[in-house]
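J.: Supplied in structure tokens, the structure appears directly below.
The values are calculated or read from the model by the stated rules, or taken from the named source; none is laboratory data. Keep in mind that what you see is a predicted model, and the values were worked out from it rather than measured. FYI the Cβ positions are ideal-geometry reconstructions off the backbone, even for glycines, and counts take in every protein chain you see. The protein model used for the area step is the full one, side chains on, heavy atoms only, and it has no ligands, DNA or RNA in it. Shrake-Rupley method; radii C 1.70, N 1.55, O 1.52, S 1.80 Å.
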Amino acid sequence: MNPLLEVRDLVKRYHNRKTGDVSILRGIDVQLRKGETLCVVGESGCGKTTLGKILAGLIPYSGGTYQYHGREVSNLRGADWKKFRTSVQLIHQNPYESLNPSRMIFDILSAPIKRHRPTLDFDALFRETTDLLTMVGLTPVEDFIDKYPVNLSGGQRQRVSIARVLSLRPELIVVDEATSMIDTSLKISLLDTLKRIQDEFGVAYLYITHDLALGRYFAQEQRLAVMYLGQIIETGPTEAVISAPKHPYTRALISAGDMEERVEYDLIGVEIPSFHEIPRGCPLSPRCPEAMKGICYSVEPELLPTSPDRAVACHLYSGPREKNGVR
Ligand SMILES: Nc1ncnc2c1ncn2[C@@H]1O[C@H](COP(=O)(O)OP(=O)(O)OP(=O)(O)O)[C@@H](O)[C@H]1O
Ligand SMILES: [Mg+2]
């Protein structure tokens, strides 16, 4: 089956007159098939939101290729661009999602449907709107359809936001989990809803989080990519990566997380380097307890496969491996 999206060597550069150019994404490879989930996990500031925004077409990329259904996104124009922008939607997982306070839930959900399918009659529109509410678990629908956002809890408003996104029938949803006060049980129940929607409609997810435990939950039996300083440094099936991490950075993330597999593993107490001063060689080398003299400080490791479904960018695993990109 052809991939839904394929990103190769993606780069995002920002120009700053004072400090010079800075590259936030530095050669990202991602492939996603219809109905799949990829969780991207990494510390604050590593470039997760930047990647999500590029994949959703909200900001342009500066280098590399991004193919969606086999077509280069930066070349899409007119109706093709609109179709792409509808097909990929971004959800911010935050409780302060803005919904127009002066409009009823019915209007909030039916407006985008009407815009995309103006010939739909009222009965069909009503049915679709109630179906959306059911899908996101806002039932009985009569309790919600004529309410205003102010009448709903934070969690219910987020469900309306998800329903609004679903009304556009996207094939890919980028879920950007904000570092927020929203409590874990509420997050889990929203993630369950998203998973159920995937089972029913085959939508693909790029799930962005700094919380490995949540990422593991959402990307169960799917794939995980670990990001550090604008690069993917390890990728593979979620459980395989968490139960047997390879990259020292992944091991440190697991050690810092709230997980059974937790094995004490600390990085050297150096701050995360700035994007303006990426260390030479392996970007983790100044913080890595296993950095090897010479190579780790001079040669940047490539993300290379260690088995058919796993890859790691670390000299500890160098050997006779062949680069063939990342799944
Ligand atoms: N418009 C911009 N110009 C210059 N630098 C930017 C711009 N937008 C983001 N950055 C920088 O890019 C880096 C990555 O930001 P990004 O928001 O993608 O990180 P993140 O992984 O989503 O972090 P968090 O987990 O805190 O949400 C940060 O250092 C940020 O300061
Ligand atoms: Mg972010």
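J.: At a Cα cut-off below 17 Å, give the aspartates and glutamates reachable from Lys187, other chains included and same-chain residues fewer than 8 away excluded.
T.: Glu97, Asp176, Glu177, Asp211, Asp258
J.: If you don't mind, another one. I'd like the orientation of helix 154-166 relative to the chain: the angle between its Cα long axis and the longest Cα principal axis, in ° from 0 to 90, rounded to 10.
T.: Tilt relative to the chain: about 90 degrees.
J.: Below 8 Å, C-alpha to C-alpha, sequence gap of six or more: please give me the relative contact order for the chain in percent.
T.: In percent, rounded to a whole number, it is 20.
J.: Express in whole angstrom the spacing between the alpha-carbon centres of region 281-307 and region 95-169.
T.: One Cα centre to the other: 49 Å.
J.: Now, a different point. Ignoring any ligand, DNA or RNA, what whole percent of the accessible area of region 152-254 comes from carbon and sulfur when the probe is 1.4 angstrom?
T.: Looking at region 152-254 in its full context, I get 51 percent from C and S.
J.: Within straight cross-link reach of Lys82, meaning Cα distance under 18 Å, which aspartates and glutamates are found once same-chain residues fewer than 8 apart are removed?
T.: Glu72, Glu171
J.: Per the 1.4 Å probe, what fraction of the accessible area of region 1-80, in percent, lies on carbon and sulfur atoms?
T.: 48 percent
J.: If you don't mind, there's one more thing I want to ask. Whole-Hz ³J(HN,Hα) for each residue in region 290-305, computed from phi via Karplus 6.51 cos²θ - 1.76 cosθ + 1.60 with θ = phi - 60°, x for glycine and proline: what do you get?
T.: 10, 4, 9, 3, x, 3, 5, 9, 10, 10, 6, x, 8, 6, 10, x
J.: Hey, another quick one. Just how large is the dipole of the chain about the Cα centre, in debye to the nearest 20, putting +1 at every Lys and Arg Cβ and -1 at every Asp and Glu Cβ?
T.: 1140 debye
J.: Going down the table (Lys18/Lys48; Lys18/Lys53; Lys12/Lys34; Lys12/Lys53; Lys53/Lys83; Lys12/Lys48), which pairs top 20 Å between alpha carbons?
T.: Among Lys18/Lys48; Lys18/Lys53; Lys12/Lys34; Lys12/Lys53; Lys53/Lys83; Lys12/Lys48, the Cα-Cα distance tops 20 Å for Lys18/Lys48; Lys18/Lys53; Lys12/Lys34.
J.: On average, how much accessible surface per residue is there in region 196-262, in Å², for a 1.4 Å probe, leaving out ligands, DNA and RNA?
T.: Per-residue value: 35 Å².
J.: Same structure, new question: Taking 0.36 nm per residue of sequence separation and subtracting the Cα-Cα distance, how much length would be gained by fully extending the chain between Ser298 and Glu72, in nm to one decimal?
T.: 77.9 nm
J.: Please work out the average accessible area per residue across region 114-155, using the 1.4 Å probe convention, and give it in Å².
T.: Ligands and nucleic acids excluded, the figure is 61 Å² per residue.
J.: Net charge near Asp176, counting Lys/Arg +1 and Asp/Glu -1 over other residues with Cβ under 11 Å of its Cβ?
T.: Local net charge: +1.
J.: Whole number in Å², please: accessible area per residue of region 54-112, 1.4 Å probe, ligands, DNA and RNA not counted.
T.: Per-residue accessible area for region 54-112 comes out at 50 Å².
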